[in-house]
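Participant: Got a structure for you, questions after.
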Amino acid sequence: MKTADIDVTKRFMIALIGPTGSGKSVAAGSFHKAGSIKFYDFDGRMKSVKKVHPSADIDYDTYGPDNLSQSFIPAFNNLVRNCPWKTIVIDSLTSLSMTAITAQLMNKGIAGASIKTNKGGLITTGWDEINAETVCISQILDICKILPCNVIMTFHPIERTVGTEGNTQKVTTVVAYGNKINQIALNYFDEVYYLDVDKGFTVKDPTKRIALTDVNEKAIAKSALNIPAKLDITNGLYDALMKELK
């Protein structure tokens, strides 16, 4: 293979980062214009996609800890052999990581294994749960790397306090518990966009939804495409990208 033969517009690997309400799911849903699309929904919030894309034919399944192992993982693994979609969306990887933790706790309880609790008797996570989260998401990321379709994942930034007493600092992570996935997940994506809202300079200026595509003060962002550092996606991420790439 030669880099000269790479078509940077043929297949997209996109990570969308932003707080709740920043339009990540809606931006991902705009890729219905590229062809068939499937949401693997872990946030349980597909109504916003329906609201903005009311006439779109978007397939989705919603998953939780009760059907992660039995339904989602086999279905996702099967994409390696048969991927009928032009675009797949995991919405969100942050919620998926929480689901993996809860599923591991549920499975341990069913199996009669001991579960760690705090002094108040509430269940807490241990290394078994964190390792399950790491392995589960690592496998999913590796599958995404070789799929023939567009892959979009959404991430919720989570602020944590880390360190020891007297020496702590706040860091931003995109997964629920473990540190390994947070450090490697975004490495799988050529396109990492931080979604934000631009309210303009006056109250009369229309509010715009934007995607920051280059490193900025809010979060890490990057792009392998020749696109602006601030992309106006008010009318849809897919249309905005196609306009820039023509």
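The values are calculated or read from the model by the stated rules, or taken from the named source; none is laboratory data. Everything numeric in this text was worked out from a predicted model, so none of it was measured. For neighbour counting, all protein chains shown are included, and Cβ atoms are generated from backbone atoms with ideal geometry for every residue, glycine included.
Participant: Identify, by number, the condition in (1) modelled with pLDDT under 60; (2) under 30 Å from SER36 (Cβ atoms) that ASN118 doesn't meet.
Facilitator: All conditions pass for ASN118, except number (2).
Participant: Restricting to segment 15-43, count the residues that are surrounded by fewer than 18 Cβ atoms within 10 Å (Cβ to Cβ) and in contact (Cβ under 8 Å) with a residue 40 or more places away in the chain. Write out each step before concluding.
Facilitator: Taking segment 15-43 first, the residues surrounded by fewer than 18 Cβ atoms within 10 Å (Cβ to Cβ) are 19-21, 33-36.
Still in the list and also in contact (Cβ under 8 Å) with a residue 40 or more places away in the chain: 19-20, 33-36.
Residues meeting the conditions: 6.
Participant: How many residues, within segment 53-82, are of a type outside the set (Gly, Ala, Ser) and loosely packed, with under 15 Cβ neighbours inside 10 Å?
Facilitator: Within segment 53-82, the first condition is being of a type outside the set (Gly, Ala, Ser), and the residues that meet it are 53-54, 57-63, 65-68, 70, 72-74, 76-82.
From the residues that got through so far, the ones that are loosely packed, with under 15 Cβ neighbours inside 10 Å too are 54, 57, 59, 61, 66, 70, 74, 77-78, 80-82.
Residues that pass the stated criteria total 12.
Participant: Which residue pairs have Cβ atoms under 8 Å apart, sit 6 or more places apart or on different chains, and have a first residue in segment 205-220 that is within 9 Å of TYR194 (Cα to Cα) and among the aliphatic types (A, V, I, L, M) and a second that is at pLDDT below 85 and in a loop (DSSP other than H, G, I, E, B)?
Facilitator: LEU212/LYS218; LEU212/ALA219; ALA219/PRO157
Participant: Just a yes or no: is a residue in segment 122-130 under 19 Å from the mean Cα position of the chain (by Cα) and either farther than 22 Å from GLY18 by Cα or modelled with pLDDT of 80 or more (or both)?
Facilitator: Within segment 122-130 (the criterion being under 19 Å from the mean Cα position of the chain (by Cα) and either farther than 22 Å from GLY18 by Cα or modelled with pLDDT of 80 or more (or both)), the answer is yes, since at least one residue qualifies.
Participant: Give the residues of segment 163-206 that are modelled with pLDDT of 65 or more, in a loop (DSSP other than H, G, I, E, B) and surrounded by 14 or more Cβ atoms within 10 Å (Cβ to Cβ), sorted by residue number.
Facilitator: ASN179, PHE189, ASP190
Participant: Oh, and also: I'd like to know if segment 225-238 contains one or more residues that are acidic (Asp, Glu), outside any strand (DSSP E or B) and either crowded, with 21+ Cβ neighbours inside 10 Å or at pLDDT 70 or above (or both). Don't jump to the end; show me each part of the working.
Facilitator: Start the filter on segment 225-238 by keeping residues that are acidic (Asp, Glu), which leaves 232.
Then keep just the ones that are outside any strand (DSSP E or B); that gives none.
No, that holds for no residue.
Participant: Now for a separate question. Hey, can you tell me all the residues within segment 10-34 that are in contact with a Ser or Thr (Cβ under 7 Å, 6 or more places away or on another chain) and either farther than 14 Å from ARG209 by Cβ or among the aromatic types (Phe, Trp, Tyr) (or both)?
Facilitator: Residues of segment 10-34 in contact with a Ser or Thr (Cβ under 7 Å, 6 or more places away or on another chain): 16, 24-26, 28, 31, 34.
Those that are in contact with a Ser or Thr (Cβ under 7 Å, 6 or more places away or on another chain) and either farther than 14 Å from ARG209 by Cβ or among the aromatic types (Phe, Trp, Tyr) (or both): PHE31, ALA34.
Participant: Which members of segment 209-224 meet the condition of being within 14 Å of PHE189 (Cβ to Cβ) and not in a loop (DSSP other than H, G, I, E, B)?
Facilitator: Across segment 209-224, the qualifying residues are ALA211, LYS222.
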